[in-house]
Amino acid sequence: DWFMLPPSSEKDQTQVKAAWEALSDFTKTYPQAQYIEDARKKQADIRERLVRHEVYVADFYEKRDRWSAAVNRLETVLQKYPGPDDDKYLFRLHDLYSRLKDQTKARDALQRIITRLPGTPAAERAQQMLGS
């Protein structure tokens, strides 16, 4: 990123998504390839860029009380680009679904934390929230 231009997370991600798809196909098709480690490193970097973009857009919508649109962006992150910070997005989904008065989906977001991250502090927090 250059200081005079918007950050890359604010720009069109079409080419980044294409790179994600190509690297995903490569790592699935050629798991024993000579370049697999390099491909996985690049894929992790691309994942971070795509997640930052989706979260940026979710933040934009949330600031404007467009909670359904923010939910869609966070669900995209969880479905297409799962990673180590999923608990943060699931807690945020819980909050957004609560704002939308959809308690079933709010509870589901907490349950997903418990299922995906058993035995972690996030799972304990989610369990406490479900119990109250």
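The values are calculated or read from the model by the stated rules, or taken from the named source; none is laboratory data. All figures in this text were calculated on a predicted structure; none of them were measured in a lab. With ideal geometry, Cβ positions are generated from the backbone for all residues, glycine too; neighbour counts draw on all protein chains shown. Surface accessibility is based on the protein's heavy atoms, side chains included, excluding ligands, DNA and RNA. Shrake-Rupley method; radii C 1.70, N 1.55, O 1.52, S 1.80 Å.
Looking only at residues of the range 55-110 that are among the hydroxyl-bearing types (Ser, Thr, Tyr), more than 26 Å from Pro121 (Cβ to Cβ) and in contact with a helix residue (DSSP H, G or I) (Cβ under 6 Å, 6 or more places away or on another chain), we find that the one that is least open to solvent (accessible area, probe 1.4 Å) is Tyr61.
So that you can scan it fast, the table gives a plain yes or no per residue for (1) aliphatic (A, V, I, L, M); (2) on the phi > 0 side of the Ramachandran plot; (3) at pLDDT below 95:
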site	(1), (2), (3)
Leu90	yes, no, no
Asp95	no, no, no
Arg99	no, no, no
Lys105	no, no, no
Arg112	no, no, no
Ala126	yes, no, no
Leu130	yes, no, yes
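Number of residues in the range 111-123 that are surrounded by 14 or more Cβ atoms within 10 Å (Cβ to Cβ) and either aliphatic (A, V, I, L, M) or without any contact (Cβ under 8 Å) to a residue 12 or more places away in the chain (or both): the value is 5. Contact map, the range 68-82: residues that are of a type in the set (Lys, Arg) paired with residues that are crowded, with 17+ Cβ neighbours inside 10 Å, Cβ distance under 6 Å, separation 6+ or inter-chain. Pairs shown: Arg73/Glu54; Arg73/Val57; Arg73/Ala58.
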